[in-house]
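Below is one structure, written out as structure tokens; comments come after it.
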């Protein structure tokens, strides 16, 4: 990895003499969340993102950005996140318990003949779904705020070699990701720590549970992720075929019962496991409607067993995960967007803590007013199996080109056993302001 | 005595006016000449957008736009360069020559980091906070032959230039609802076959917008508008487009008109 960084720095250094255009920007975002259950502040956060873009007269471009993030509320502080998921080259610098500094982007991109090359720390987005992810898994995600933060903020950029080239009517993208960084998960005492039995194992009552540090793969070459995507435009359809060979970004939580000091204790060992991902996406427009979807087949996924000590508390199965969505441009400039998301487990469904077929739906209604300076929207994400979900109304107003504010709410409902219901005491009102120059 | 004289004057005036109208080119012929005008196989240009609301609050966008013909198919792409909050946004249209084939359109929003397919029936919606509709943006200096029936109603003058007045009405109520217009009146400079002024009425029959095309100059032998001003009479909103660095047929790569280019910012 150090060699790659040195190579990038060398390219940058040699390119400085070719630089023709420097562009800088800075964005400051302040957010305040109030818990609706108890009226306490849930989060008070400041983000500062300076950016530098350099254009070269040979058409290449260098992009970089940092993110300074400060959080003053206990439970969502920087140190409340388990950071064992990060590779040494990607891990944000922890300045103190409240503040971290992260290199968000650092890449150079350009064309070599007909081939587009992008090298460095960057985000790669696949898929057509909104709000939930099926194929948008190339980059891991921070779950510091569950799925409430914008994906652009919560997606963790990785050191990536991205090459794209056309072949006849197709465009191919090849990815090499020698960066062993995975999902960022909250610690057990954090505000958005997972507790649903579908996500984390529940130890038997009265038995001590010890959570070990995740065993993260660390061979830059052998443990790299690889991906390829072929995309085309055929008969009005946008179509892609995707393949990804990756470590699942969510660790497998294996359990072992042992006697410690004469008492039984459960030790949970998080381990990362590889999977092949085969996928496809599609979209087309018909009159007022846009139809879109994505399908992902994962060869090796692990699910939490009902019986803690069966196969170390996990069941392995292929998973079919898909989304079908429709966007309707309704009268009065109203956008209505609906999605059906389902996940199907092929084997051992009777032995795991979730259903064989898990179904969620999303519904978004959005309307722009005042020449797009005012946006009002409401988003519902609901899990049908557990009867839980989240409702997210939001109003955004752009005071000037560089100043916008918003007010919204994240309202969880449902049983605490569910993916969304586990946070039913975390509902909140949100206030935010963003200023950019 | 007065009555026969009055009738005589009326008849002379009536037939004179009729003969003038009869001499004017029919609306379809004017439209054909507008669309036949050379606009270059390809063009690149910088565009400054100034949007001012009724209270005087102004927003400014800087963009770079490209347009290229692939046979009869027209592809247009616009990249937003500034300000920061909208930088990286990009819009791509494939406009097909077949009247019954809908355009294909894509929008890239940097906050989503995804290229989204958008419905072409949005064409009557306002384009990204301006007073132009998506259809206005797509047509540029052209007029739609399929969407309207048109007649020539007379002659006039705009900014000192003689022009023919062409009145266009959507062919049916569905098209009118899609476009958001019940009538369009355009003043066409009959020496260069460019629209100097357009007026649009909404579907309720109220005057909605007036568009003035200014600073029309020849660039590489092609007549080119450099300023377009839109007054929205309904909202009091005003949009001003200023074009610069206009270059025709300068070897614009086909790859700029792709979804991948939208993501990369060209």
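The values are calculated or read from the model by the stated rules, or taken from the named source; none is laboratory data. Everything numeric here is computed off the predicted structure, so don't read it as measured data. Here Cβ is always computed from backbone atoms with ideal geometry, including for glycine, and neighbour counts include all displayed protein chains.
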(request) Go through B:210, B:203, B:224 for me and flag whichever is touching a helix residue (DSSP H, G or I) at 6+ places or on another chain (Cβ under 7 Å) and farther than 20 Å from residue B:60 by Cβ. (result) B:203
(request) Considering each residue of region B:245-256, count those that are more than 11 Å from chain A (Cβ to nearest Cβ) and assigned to a helix (DSSP H, G or I), and give that number. (result) 1
(message) Looking only at region B:104-128, count every residue that is at the interface with another protein chain (Cβ under 7 Å from one of its Cβ atoms) and over 18 Å from residue A:334 (Cα atoms) and tell me the total.
(response) 4
(request) Would you point out the residue of region B:130-174, among those that are farther than 17 Å from residue B:211 by Cβ and outside any strand (DSSP E or B), that is nearest to the other protein chains (Cβ to nearest Cβ)? (result) B:174
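To keep it simple, each residue is scored yes or no on (1) part of a strand (DSSP E or B); (2) within 14 Å of chain B (Cβ to nearest Cβ); (3) free of Cβ contacts under 8 Å to residues at least 24 places away in the same chain; (4) under 26 Å from the mean Cα position of the chain (by Cα).
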{"residue": "A:243", "(1), (2), (3), (4)": "yes, no, no, yes"}
{"residue": "A:246", "(1), (2), (3), (4)": "yes, no, no, yes"}
{"residue": "A:254", "(1), (2), (3), (4)": "yes, no, no, yes"}
{"residue": "A:258", "(1), (2), (3), (4)": "yes, no, yes, no"}
{"residue": "A:265", "(1), (2), (3), (4)": "yes, no, no, no"}
{"residue": "A:308", "(1), (2), (3), (4)": "no, no, no, no"}
(message) Given (1) at pLDDT below 90; (2) within 14 Å of chain B (Cβ to nearest Cβ), identify the lone condition not met by residue A:230.
(response) (1)
(message) Quick check on my filter: what residues within region A:409-419 are within 18 Å of residue A:33 (Cα to Cα) and surrounded by 19 or more Cβ atoms within 10 Å (Cβ to Cβ)?
(response) A:410, A:412
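Residue by residue, here is whether (1) more than 19 Å from residue B:133 (Cβ to Cβ); (2) surrounded by 15 or more Cβ atoms within 10 Å (Cβ to Cβ); (3) free of Cβ contacts under 8 Å to residues at least 24 places away in the same chain holds:
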position: A:318; (1), (2), (3): yes, yes, no
position: A:331; (1), (2), (3): no, no, yes
position: A:338; (1), (2), (3): yes, yes, no
position: A:347; (1), (2), (3): yes, no, no
position: A:355; (1), (2), (3): yes, yes, no
(message) Can you confirm whether residue A:222 is without any contact (Cβ under 8 Å) to a residue 24 or more places away in the chain and more than 30 Å from residue B:101 (Cβ to Cβ)?
(response) yes
(request) Please determine, by comparing only the residues of region A:134-180 that are free of Cβ contacts under 8 Å to residues at least 12 places away in the same chain and part of a loop (DSSP other than H, G, I, E, B), which one is nearest to residue A:82 (Cα to Cα). (result) A:149
(request) Mind listing just one residue for me: the one in region A:68-81 that is crowded, with 20+ Cβ neighbours inside 10 Å and assigned to a strand (DSSP E or B) and, of those, farthest from the chain's Cα centre (by Cα)? (result) A:71
(message) Among the residues that make up region A:15-23, is at least one of them modelled with pLDDT of 90 or more and either crowded, with 16+ Cβ neighbours inside 10 Å or in contact with a strand residue (DSSP E or B) (Cβ under 8 Å, 6 or more places away or on another chain) (or both)?
(response) yes
(request) Given the conditions (1) within 14 Å of another protein chain (Cβ to nearest Cβ); (2) surrounded by fewer than 19 Cβ atoms within 10 Å (Cβ to Cβ); (3) under 23 Å from the mean Cα position of the chain (by Cα), report the number of the one that residue A:374 does not fulfil. (result) (3)
(request) Check residue A:432 against each of (1) assigned to a loop (DSSP other than H, G, I, E, B); (2) modelled with pLDDT of 95 or more and name the one condition it does not meet. (result) (1)
(message) Anything in region A:357-371 that is surrounded by fewer than 17 Cβ atoms within 10 Å (Cβ to Cβ) and more than 24 Å from the chain's Cα centre (by Cα)? List them, or say none.
(response) A:367, A:369, A:370
(request) Just one of (1) within 14 Å of chain B (Cβ to nearest Cβ); (2) surrounded by 20 or more Cβ atoms within 10 Å (Cβ to Cβ) trips up residue A:304, so point out which. (result) (1)
(message) With the requirement that a residue be in contact with a strand residue (DSSP E or B) (Cβ under 7 Å, 6 or more places away or on another chain) and more than 8 Å from chain A (Cβ to nearest Cβ), what does region B:48-60 give you?
(response) B:48, B:49, B:50, B:52, B:58
(request) Kindly indicate whether any position in region B:83-93 is closer than 19 Å to residue A:402 by Cβ, more than 12 Å from chain A (Cβ to nearest Cβ) and surrounded by 18 or more Cβ atoms within 10 Å (Cβ to Cβ). (result) no
(message) Take the conditions crowded, with 18+ Cβ neighbours inside 10 Å, within 30 Å of residue A:399 (Cα to Cα) and modelled with pLDDT under 90 and apply them to residue B:144. Does it pass?
(response) no
(request) Go through A:313, A:296, A:236 for me and flag whichever is under 21 Å from residue A:141 (Cα atoms) and in contact (Cβ under 8 Å) with a residue 12 or more places away in the chain. (result) A:296
